[in-house]
Amino acid sequence: MSDLIDEPEEGANAPEFTVTEISGAIKRVIEGEFGHVRIRGEIGRVSRPRSGHIYLDLKDDRSVLSGVIWKGVAARLATRPEEGLEVVAVGRITTFGGQSKYQIVIEDIRPAGVGALMAMLEKRKKALQAEGLFDPARKRPLPYLPDVIGVVTSPSGAVIRDILHRLRDRFPRKVLIWPVAVQGEICAPEVARAIEGFNRLTPGGPLPRPDLIIVARGGGSIEDLWGFNEEAVVRAAAASQIPLISAVGHETDTTLIDLAADRRAPTPTAAAELAVPVRMELLSWTDDQGARLTRALGYAITQRNQRLRDMSRALPRPRTLTEWAAQKLDTVGARLPQALIRGVDQRRLRLSHVTGSLRPSALRRTVQGKREQLQARAPRLAPALKRSAERRREMLNARAERLSPQPILQEIAREKRRVTDLSARLEKAGKAQITTRGERLTAWGRMLDTLSYQATLQRGYAVVWGDGAVVTTRAAAGAAQALEIEFADGRFTPGQSQPGPRKSTPKKTPPEQGNLF
Amino acid sequence: MNDKPVEEMSFEEAMAELEKVVGDLERGDVSLEESINLYKRGADLKARCEAKLKEAEEKVAAITLDSEGNPDGLKPVEGL
């Protein structure tokens with residue numbers, strides 16, 4: 001029955017809450033107690049949804065606290081919350097009853113002292129350096145005289161004015177300003193976007209692509225300049241195809257964009273000085289070059305002129321070249337008539353020597369003498385010739401008379417008769433001879449037939465041949481290699497089957513028959 | 001020697017070439033005819049440099065951005 005008895009238990013008179021009631025109660029307590037707190041911790045995971053609010057975790061080695069930075073606050077923040085940064089966050093704790101959670105709504109967030117920020121900067125610098133983003137080999141030379149200069153900075157303020165003033169002083173150029181926030185949460189994305197945007201422009205387009213970019217900002221605290229340490233900005237600066245000058249903060253402030261830039265200027269004014277040369281100096285330089293040109297050409301001409309004059313002085317005068325020859329000619333010329341006269345004189349003298357003995361009278365006398373001799377002999381010439389001819393003619397006639405053909409003709413006739421006589425006798429004797437010899441030949445022929453062994457063979461005898469000779473003895477037959485027997489009608493070789501008609505085959509004959517020969 | 005026509009040279013190219021021409025001419029080891037050619041070229045280069053220096057004109061404009069942050073135009077900037 002215990003359920004009927006309302007037995008009071010310990011604490012049973014405590015008020016009863018609904019979940020919502022207790023959540024509300026907790027909320028009141030927490031928000032009342034922690035309406036304004038400063039919390040130190042390291043930023044954990046950060047997320048930035050498109051709403052513009054920032055969600056992050058604050059943590060230490062044991063606990064985690066969720067936090068939120070509302071959009072309006074985020075835009076004002078001097079420090080961009082980043083994972084790993086040691087911060088002091090100021091805000092209030094709220095609960096989120098629907099999920100039984102609590103979180104901090106951050107009103108302000110700052111690095112936990114400069115040391116924390118510097119440590120993080122150093123860490124990032126090392127990482128980017130390891131990637132080679134600050135490599136000197138990546139740096140591009142600045143154009144000597146850019147046509148268009150792109151300036152990434154705040155459109156209002158001293159920085160852009162300083163740059164424009166200095167450009168105007170040195171060399172007025174076309175300047176394109178890309179306006180950006182130079183501090184706060186949106187600074188880094190805007191600067192990165194501006195650098196990339198300038199690189200994307202086309203040269204000579206309606207928005208001309210700059211030949212040079214200056215990223216500039218005035219001095220400020222490290223937190224103020226923090227956007228220029230952001231990785232996105234550093235990467236954009238390193239990747240820029242257009243040469244880039246950074247001029248962020250004062251000379252003593254070094255941000256990571258300074259390391260990635262192609263040149264670092266200590267101030268915006270210095271950036272303008274790096275960007276363009278001084279026009280007046282160049283004009284004066286150009287004038288100077290022109291003057292040097294003219295001077296050099298003038299000098300070249302003067303120098304040659306001088307050399308020409310020097311050389312022409314050194315050149316001997318034409319007269320001196322001929323003087324000696326002229327003088328010699330004069331001397332020789334003067335001697336010429338006398339020499340001629342002397343030459344003629346010498347010859348005349350020699351002539352007179354030679355002609356001294358040559359006188360016409362002498363010659364004439366000699367001629368006279370010869371002529372007389374000739375005349376004395378001439379009359380004797382014709383009779384002598386006549387006599388000689390006469391004598392020879394007589395001799396010829398005497399011999400001609402003794403010459404007659406008769407004896408020769410008689411001789412010829414006599415010899416002819418003798419020849420006829422002799423040839424008749426020769427014929428007669430020849431015929432007698434032939435007849436006599438023919439008869440004797442016939443007689444001998446008959447005798448031969450009678451005596452021939454062939455005739456004997458006709459009577460039945462045979463001749464034995466051995467080795468080509470007649471065999472007449474039994475011993476000779478025994479010694480012979482081969483024997484043949486000759487009969488009247490041919491030769492036969494004994495012991496051979498064919499009784500060929502070889503005439504030379506000897507035949508063994510009885511020894512007595514050899515006697516026939 | 002730079003083969004680019006003088007009238008297409010940038011200021012820097014014309015300047016470098018002019019400096020070289022002046023140096024060559026001053027060394028004086030070229031023929032007189034060549035000296036005259038060098039002088040003519042030097043005079044052309046100087047004219048080119050002066051023309052580029054006269055082009056100095058200031059024109060400042062700011063880029064306007066659309067809601068996405070992309071450039072969509074220019075607006076003149078005055079008074080800076």
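The values are calculated or read from the model by the stated rules, or taken from the named source; none is laboratory data. Being a predicted model, the structure only gives us computed values, none of them experimental. Counting neighbours? That spans all protein chains shown, and the Cβs are built from the backbone with ideal geometry, glycine included.
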Q | Any pair with Cβ under 6 angstrom, 6 or more apart, that starts in region A:105-117 at a residue that is more than 9 Å from A:Leu85 (Cβ to Cβ) and ends at one that is of a type in the set (D, E, K, R) | A | A:Val105/A:Arg92
Q. If you go through region A:266-281 one residue at a time, how many are hydrophobic (A, V, I, L, M, F, W, C), surrounded by fewer than 22 Cβ atoms within 10 Å (Cβ to Cβ) and touching a residue at least 40 places away in the same chain (Cβ under 8 Å)?
A. 2
Q.
Out of A:Arg350, A:Arg359, I need the residue that is surrounded by 10 or more Cβ atoms within 10 Å (Cβ to Cβ), more than 30 Å from B:Val22 (Cα to Cα) and modelled with pLDDT under 85. Which one?
A. A:Arg359
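So that you can scan it fast, the table gives a plain yes or no per residue for (1) closer than 30 Å to B:Glu34 by Cβ; (2) away from chain B (no Cβ under 13 Å); (3) in contact with a strand residue (DSSP E or B) (Cβ under 8 Å, 6 or more places away or on another chain):
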site: A:Phe198; (1), (2), (3): no, no, yes
site: A:Gly204; (1), (2), (3): no, yes, no
site: A:Pro210; (1), (2), (3): no, no, yes
site: A:Glu230; (1), (2), (3): no, yes, no
site: A:Ala236; (1), (2), (3): no, yes, no
site: A:Ala247; (1), (2), (3): no, yes, yes
site: A:Arg264; (1), (2), (3): no, yes, yes
site: A:Glu281; (1), (2), (3): no, no, no
site: A:Arg292; (1), (2), (3): yes, no, no
Q | Filter result (among the β-branched types (Val, Ile, Thr), outside any loop (DSSP other than H, G, I, E, B) and facing chain A (nearest Cβ under 7 Å)) within region B:56-80 | A | B:Val60, B:Ile63
Q: Please find, within region B:32-46, the residue that is nearest to A:Ser154 (Cα to Cα) out of those that are more than 9 Å from every other protein chain (Cβ to nearest Cβ) and without any contact (Cβ under 8 Å) to a residue 12 or more places away in the chain.
A: B:Lys40
Q) If we scan region A:97-108, do we find a residue that is surrounded by fewer than 17 Cβ atoms within 10 Å (Cβ to Cβ), within 30 Å of A:Arg40 (Cβ to Cβ), of a type in the set (Val, Ile, Thr) and more than 9 Å from every other protein chain (Cβ to nearest Cβ)? A) yes
Q.
Can you pull out every residue in region A:115-153 that is in a helix (DSSP H, G or I) and surrounded by 12 or more Cβ atoms within 10 Å (Cβ to Cβ)?
A. A:Ala116, A:Leu117, A:Met118, A:Ala119, A:Met120, A:Leu121, A:Arg124, A:Lys125, A:Leu128, A:Gln129, A:Arg138
Q. Is at least one residue of region B:59-68 within 23 Å of the chain's Cα centre (by Cα), without any contact (Cβ under 8 Å) to a residue 24 or more places away in the chain and surrounded by 12 or more Cβ atoms within 10 Å (Cβ to Cβ)?
A. yes
(Q) Against the condition at the interface with chain A (Cβ under 9 Å from one of its Cβ atoms), exposed (fewer than 14 other Cβ atoms within 10 Å of the Cβ), under 16 Å from the mean Cα position of the chain (by Cα) and closer than 22 Å to A:Pro208 by Cα, how does B:Glu8 come out, does it pass? (A) no
Q: Evaluate the following for A:Arg217: is it over 54 Å from the mean Cα position of the chain (by Cα), of a type outside the set (Gly, Ala, Ser), modelled with pLDDT of 90 or more and crowded, with 24+ Cβ neighbours inside 10 Å?
A: yes
**Q.** Odd one out for B:Leu53, checked against (1) surrounded by 12 or more Cβ atoms within 10 Å (Cβ to Cβ); (2) more than 7 Å from chain A (Cβ to nearest Cβ)
**A.** (2)
**Q.** Among residues of region A:164-185, those that are buried (at least 18 other Cβ atoms within 10 Å of the Cβ), facing chain B (nearest Cβ under 10 Å) and over 55 Å from the mean Cα position of the chain (by Cα), counted
**A.** 3
